[in-house]
Amino acid sequence: MNHFFAYLDRLKLIRRWGLMRNIEQENDMEHSMQTAMIAHGLAVLGNRRYNRHVNPETVVTLALYHDASEALTGDLPTPVKYRNPEMQTAYHDIENRARQRLLGMLPDDLQADFAPYIQPDEASECWQLVKAADRISAYLKCLTEEKLGNGEFAKAKETILESLTSSSLPEVKDFLESFVPSYTLTPDELSRG
């Protein structure tokens, strides 16, 4: 018996933004799908407009699994994760151990196929696109909460937007300009084109 997929299914139970008052709850599984869609968009933009040569399907798969370790660790809030270098190092170690444990839940003959997605090369161009998509997803969460009247996400929105606008990836700025404004529209406004 192999528990890999059963553990990943529990991502739908991991709530994000645990230190914040949320009007609209978000779980890790929803977040992973949104991040994967955005990462795919970034990969396509990069290939078409910025002379990148990344495989969009690889980027999507990386994004789907980017928070897989949280099936074992839960979602540690960003202010805790990055509080100081010691916490960041300790959390990175915990995350790596969780990733190794997840891989160990697969049959031996499948582990090599999943390893690049569960234990990604964090220096790769593909991973950089996934991390940018992850930040865009967080920014969109802030926009949603703001739209629903929750001012608690205002500082997070500001901080995340600063990090996105200072990104060295041109496709990030392109995505922010081309696609993000639509997220503030109502369904009626979207249907008017």
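The values are calculated or read from the model by the stated rules, or taken from the named source; none is laboratory data. This structure is a prediction, so every number in the text was calculated from the model and none was measured. All Cβ positions, glycine included, derive from the backbone under ideal geometry; neighbour counts span all protein chains shown. Note: accessible area is taken over every heavy atom of the protein model, side chains too, but ligands, DNA and RNA are not part of it. Shrake-Rupley method; radii C 1.70, N 1.55, O 1.52, S 1.80 Å.
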Open item on the list: If you roll a 1.4 angstrom probe over the protein chains with everything in place, what fraction of the accessible area of the stretch 1-127 belongs to carbon and sulfur, to the nearest %?
Closed with: 52
Open item on the list: Output needed for the stretch 61-171: three equivalent-ellipsoid semi-axes, defined as square roots of 5 times the C-alpha gyration tensor eigenvalues, in descending order, whole Å.
Closed with: 28, 17, 14
Open item on the list: For the chain, take the longest principal axis of its alpha carbons; what is the angle in degrees between that and the long axis of helix 108-118, to the nearest 10 within 0 to 90?
Closed with: 30
Task: Near-label residues of the stretch 144-181 by backbone N, under 11 Å of a point 7 Å along Cα→Cβ of Glu24 - done: 144-149
TODO: Determine how large the accessible area of Ser182 is when every protein chain is in place; take a 1.4 Å probe and give Å² rounded to the nearest 10.
DONE: 50
Open item on the list: On the Cα set of the stretch 131-179, report Rg and Dmax in Å, please.
Closed with: 10.7, 32
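Under a Cβ-Cβ cut-off of 12 Å, what is the net charge of the residues other than Tyr117 that fall near it, where Lys and Arg count +1 and Asp and Glu count -1?
Details: positive: Arg99; negative: Glu57, Asp67, Asp113, Asp121.
Value of the local net charge: -3.
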Open item on the list: Going through the cross-link list Lys12/Lys173; Lys81/Lys147; Lys81/Lys131; Lys141/Lys173; Lys81/Lys141; Lys81/Lys155, which pairs have a Cα-Cα distance over 21 Å in this structure?
Closed with: Lys12/Lys173; Lys81/Lys147
Task: Distance-filtered residues of the stretch 168-190 - backbone nitrogen under 19 Å, label point 7 angstrom along Tyr82 Cα→Cβ - done: 168-170, 172-173, 176
Task: Relative contact order for the chain, counting Cα pairs under 8 Å that sit 6 or more residues apart, in percent - done: 25
Task: Gaussian network model of the chain, Cα within-10 Å springs - most flexible of Ala154, Ala39, Ala133 - done: Ala154
Open item on the list: What is the percent carbon and sulfur in the accessible area of the stretch 129-193, measuring with a 1.4 Å probe over the protein chains and ignoring ligands?
Closed with: 55
Task: Extension gain, Glu158 back to Asp188 (0.36 nm per residue minus Cα-Cα distance, nm) - done: 8.1 nm
Task: Translational D in µm²/s for the stretch 1-146 (Stokes-Einstein at 20 °C, 1.002 mPa s, Kirkwood Rh from C-alpha pairs) - done: 134
Open item on the list: Given a 1.4 angstrom probe, what's the average accessible area per residue across the chain, in square angstrom?
Closed with: 57
- [ ] At 1.4 Å probe size, with no ligands or nucleic acids counted, give the accessible surface of Thr58 in Å², nearest ten.
- [x] 40
TODO: Please identify every one of the GluC sites (Glu not before Pro) in the stretch 111-193 that sits in a loop by DSSP and has no more than 12 other beta carbons within 10 Å of its own beta carbon.
DONE: Glu122
Task: Inter-label distance, nm, simple model (7 Å from Cα along the C-beta direction), Met33/Ile94 - done: 2.8
